[in-house]
Amino acid sequence: MALPYNLRMTGNAASQLAESVWEQLRENFRVAGKTLFTLRQKLSLPENGLYVIDQTLGDNIVNIARIPIVRELRLSQAFRLLSSFVNSQPPLQAVFLHSSEVDFGELERLKEPCQLAVELILLRIVVSLEMEASTSRKLETIGKLLDDLIAFLRSPKVRRRVWIPLYNIAIARDEMTVEGVGKLHRTARDPNEFDGLVRNLPASPVNLEFEVETDHFFPAHLFPVSQEIGKRVAILRLFYQPLASFNHFSIESIRPWESPLRDSDFASRFWADGTDRERISSELIREDATPQRSSAISRIESFEWNASTPWKLAVNRLDDAIFKLNSDSPDSILDLAIGLECIFTESESRQESVHKVAVRAARYLESTENGRREVYRQVKQIYRARSTLAHGKPWKLDTAGLSQIKIAATLLAATLRQMFVQGVTELDLEKLDLG
């Protein structure tokens with residue numbers, strides 16, 4: 001079903017509604033929930049309420065309407081009044097379709113899909129309310145649920161917690177906070193898990209937790225959660241562990257009637273590493289006692305993350321490299337080399353110069369002659385591996401290959417980190433050439 005995701009934002013919908021509208025909406029929900037409870041008793045259906053909710057998370061009203069109890073509810077006078085009441089008032093309709101701001105003219109132009117989308121949301125809310133209320137016969141419990149629902153609808157944004165299992169990272173304490181990133185929690189694998197299902201999967205020793213603010217229902221799926229995760233994982237790679245990785249995430253639903261957000265709803269990557277190759281050692285993260293590091297990380301929101309700058313292109317290449325590494329692809333070394341090229345070669349350059357990249361990287365990262373010689377040598381080694389793969393020759397992810405990837409990732413992360421601290425997204429290459 002096509003939803004009006006591109007509605008132009010012009011004003012806060014909830015703020016335009018009178019108190020009497022919210023009171024009427026509360027009463028309509030109460031009556032619809034009571035009707036559903038009566039229907040469940042009358043029909044004596046074995047359907048589980050959670051199943052009904054799960055079905056109403058979809059967008060195919062034809063399939064949903066085949067569920068007997070949902071069909072009966074949609075035909076009931078109480079639900080028709082509720083649906084008509086919401087859809088007859090554009091500001092109230094906008095609360096469900098786009099809980100922050102919306103162009104009411106667009107609502108009229110997209111009248112039919114908008115009304116259908118609202119009906120789907122209302123079905124889920126009524127079923128959720130009835131389930132919650134049926135567990136308690138106390139009137140004050142039902143009233144509290146309705147008050148909570150109305151307060152939820154009136155809030156301009158919804159705060160949600162995002163959880164990400166991280167790999168190749170360890171922390172010294174059970175919990176620590178990295179400013180600008182979030183909270184890191186130490187985890188342990190459940191000893192009761194079936195060994196046959198998990199023995200080939202690496203344990204995730206750390207979870208990252210942070211909060212985001214999204215819209216309430218369908219538009220919440222437009223929130224750039226992948227970008228928010230990318231920022232934070234990039235910081236962990238630049239300042240702590242260049243090969244930190246993740247393969248999924250979870251977003252906590254705030255209320256029982258809320259549309260849950262799943263990692264499969266967003267543009268992200270998924271992998272499972274079940275091979276027997278050498279593992280990447282976890283890097284221990286300690287409490288951040290360096291004022292310069294804390295100050296740099298605190299600027300995460302103000303840094304230029306979206307533009308196609310050399311810095312951002314290189315960050316993307318680091319991400320690509322780690323994804324490929326966890327997919328057992330030796331092409332990881334190609335992305336790390338390209339990441340260095342993004343930073344140390346001119347954008348208009350038609351060909352890369354190994355010597356040029358090596359010299360510039362050495363001068364940028366090191367101040368001593370010995371340090372520069374070592375970086376120069378390492379970049380040359382990276383390019384030899386890159387050349388081997390680029391010319392169709394075998395290059396393995398064995399112990400030596402993995403060691404090479406660690407060195408390349410460390411060099412790239414060090415370069416990106418230094419640029420981040422300096423607040424620059426592109427280097428003055430002419431200045432580097434002059435020494």
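Below are the figures for this structure:
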| read-out | value |
| --- | --- |
| Most to least packed among 111-118, 414-421 [average Cβ atoms within 10 Å] | 414-421, 111-118 |
| Computed accessible area, Phe323, all protein chains, 1.4 angstrom probe, square angstrom | 50 |
| Carbon/sulfur fraction of accessible area - region 308-416, other protein chains in place, 1.4 Å, % | 48 |
| Order of exposure, largest accessible area first, which applies to Tyr376, Tyr383 with probe 1.4 Å | Tyr376, Tyr383 |
| Residue-normalised accessible area of region 283-435, expressed per residue, 1.4 Å probe, Å² | 52 |
| Under 16 Å from the Asn306 label point (7 Å along Cα→beta-carbon), backbone N, region 216-238 | 222-231 |
| Largest to smallest accessible area among Asp148, Asp335 [probe 1.4 Å] | Asp148, Asp335 |
| Potential lengthening between Asp398 and Leu284 on full extension [0.36 nm per residue; Cα-Cα distance subtracted] | 38.7 nm |
| Most to least accessible of Lys324, Lys431 (protein chains only, probe 1.4 Å) | Lys431, Lys324 |
| Neighbour cut-off at most 16 other Cβ (10 Å), DSSP loop, trypsin sites (Lys or Arg not before Pro), region 152-187 | Lys157, Arg173 |
| Accessible area of Thr388 in the full protein assembly, 1.4 Å probe (Å², nearest 10) | 40 |
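The values are calculated or read from the model by the stated rules, or taken from the named source; none is laboratory data. All values reported here derive from a predicted model rather than from experimental measurement. Every residue, glycine among them, receives a Cβ derived from its backbone with ideal geometry; neighbour counts consider all protein chains shown. These accessible areas exclude ligands, DNA and RNA; they are computed on the full protein's heavy atoms, side chains included. Shrake-Rupley method; radii C 1.70, N 1.55, O 1.52, S 1.80 Å.
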